[in-house]
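Take a look at the structure below.
The values are calculated or read from the model by the stated rules, or taken from the named source; none is laboratory data. The shown structure was predicted, so the numbers you read here are calculated from the model rather than taken from an experiment. Don't worry about glycine lacking a Cβ; one is built from the backbone with ideal geometry, like all the others, and counts go over all protein chains shown.
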Amino acid sequence: MRFRLPVFASLAIACGVLVFATTARADGLDTVRASGVLRVAVPQDFPPFGTVGPDLKPRGYDIDTAALLAREMGVKLELVPVTSTNRIPFLTTNKVDLVISTLGKNAEREKVLDFSVAYAPFFSAVFGPADLKVDKPADLAGKVIGVTRGAIEDLELTKVAPPTVTIKRFEDNNSTLQAFLTGQVQLVATGNTTAAALNERTRLRRLDSRFLIKDSPCYVGLNKNEPALMAEVNRILVKVKKDGQLNEISKKWLTAALPKDF
């Protein structure tokens, strides 16, 4: 019996441990400010969001967004290259403070992560020349549109296409885009990053977004129970959306302005 702690002492220690754990877990922003460094997981093999440039330095939409957050926080940026499989473990094991790596939101991920407001548009849409008036599915009537067979765009387009549209299906993205460039189709249904990559490579025929068919934007990933860090990230993202800084990143890497009401 003499080796047992008094009840009140045991409770005090237990409460102290609980408070310490909660404080340590909820103090992400203070940790970043104390170290003066924001560690961010970013992609290195997924242009235009993240890749390695000719100078061997990381570049892309996600890299510029990470730099913007660090600058607004007044701290240095440490980029940590990740893959799609290890980006979440890097966060949950505290190797990084944030994940900015084309991270989409779903129910499974929400069990282990928290998500900021959206920072990047990632969507499937109908694309075509700016002078072709197509603002909604009904406007496809009588048109010829290309799509990659079996892709998410094929499935979503089939749901909304009017009966008089001609859908030409191709075996891969390159064939679909080539059909547009050579005039075999008037429009294409594809992802915004695919369209951006084409616009960066050639000026022959520009792909402008005509209307959305599926939206799945990107979010900054944070560890659970980091309310101060979450609030700061969201504050900055809302600010840079309003002042146009994020729009400039979108125009630079996606060759298009942010969608309306993004």
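Answer yes or no: is there a residue in the stretch 77-91 that is at pLDDT below 95, charged (D, E, K, R), buried (at least 18 other Cβ atoms within 10 Å of the Cβ) and assigned by TED's automatic domain parsing to the domain that holds N247.
yes
Provide a single number: the residues in the stretch 146-184 that are at pLDDT 90 or above, among the aliphatic types (A, V, I, L, M) and in a helix (DSSP H, G or I).
5
Evaluate the stretch 191-209: report whether one residue or more is assigned by TED's automatic domain parsing to the domain that holds P48, touching a strand residue (DSSP E or B) at 6+ places or on another chain (Cβ under 6 Å) and surrounded by 14 or more Cβ atoms within 10 Å (Cβ to Cβ).
no
Read through the list (1) buried (at least 18 other Cβ atoms within 10 Å of the Cβ); (2) under 15 Å from the mean Cα position of the chain (by Cα), then give the number of the only condition that K105 fails.
(1)
I249 - would you say it is assigned to a strand (DSSP E or B) and either under 21 Å from T194 (Cβ atoms) or not β-branched (V, I, T) (or both)?
no
If you go through the stretch 232-262 one residue at a time, how many are free of Cβ contacts under 8 Å to residues at least 60 places away in the same chain and under 17 Å from L38 (Cα atoms)?
1
Which residue is nearest to the chain's Cα centre (by Cα), if the candidates are limited to the stretch 120-165 and must be among the polar types (S, T, N, Q) and surrounded by 15 or more Cβ atoms within 10 Å (Cβ to Cβ)?
S124
Filter the stretch 131-184 for residues that are closer than 21 Å to L198 by Cβ and touching a residue at least 60 places away in the same chain (Cβ under 8 Å) and give the result.
Correct list: L132, V134, I152, E153.
Just to be sure before I move on: is D114 without any contact (Cβ under 8 Å) to a residue 40 or more places away in the chain, buried (at least 16 other Cβ atoms within 10 Å of the Cβ) and acidic (D, E) in the structure I sent?
Considered against the rule, which asks whether it is without any contact (Cβ under 8 Å) to a residue 40 or more places away in the chain, buried (at least 16 other Cβ atoms within 10 Å of the Cβ) and acidic (D, E), D114 comes out as no.
Is it true that some residue in the stretch 230-240 is under 18 Å from G104 (Cβ atoms) and in contact with a Pro (Cβ under 7 Å, 6 or more places away or on another chain)?
No: zero hits.
Inspect the stretch 178-186 for any residue being surrounded by 22 or more Cβ atoms within 10 Å (Cβ to Cβ), out of contact with any helix residue (DSSP H, G or I) (no Cβ under 9 Å at 6 or more places or on another chain) and not basic (K, R) and give the result as yes or no.
no
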